Amino acid sequence: ELKLSGTADFSRNLNHYVQPKLSHKFTHALQLDAGLDFFGGPDGSFWGRWADNDRFFAFLKYVF
């Protein structure tokens, strides 16, 4: 499963947060979620203050 989510602020200067995420179920009990977080915009904007904090994440979930 591929999911794309995010937010954008158009009020003054365009700034945004975007998260593409991939989920894969290996078995009924084992699932992997991985994705990226992208922050962007001018320094003084809401999301722009975190523009240098893009990240990768991965979660491995085992249910028993």
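Since every read-out is calculated from the coordinates, none of them should be taken as a lab result. None of the values given here were measured: they were computed from a predicted structure. Note that each Cβ is placed from the backbone with ideal geometry, even for glycine, and that neighbours are counted across all protein chains shown.
Assuming charge only on the beta carbon of Lys and Arg (+1) and of Asp and Glu (-1), the dipole of the chain about its Cα centre is about 200 debye to the nearest 20. Among the listed values (i) 28, 24, 22; (ii) 34, 24, 15; (iii) 48, 18, 14, the one computed from these coordinates for Cα extents along the principal axes in Å is (iii).
The local environment of residue 21, defined by Cβ-Cβ distances under 11 Å, has a net charge of -2 under the rule Lys, Arg +1 and Asp, Glu -1.
Taking 0.36 nm per residue of sequence separation and removing the Cα-Cα distance, the residue 19/residue 63 pair yields an extension gain of 13.3 nm. A DSSP coil position with no more than 13 other Cβ atoms inside 10 Å describes the following trypsin sites (Lys or Arg not before Pro) in region 1-60: 12. Taking a Cβ cut-off of under 12 Å around residue 34, the surrounding Lys, Arg, Asp and Glu residues balance to a net charge of +1, with basic ones at +1 and acidic ones at -1.
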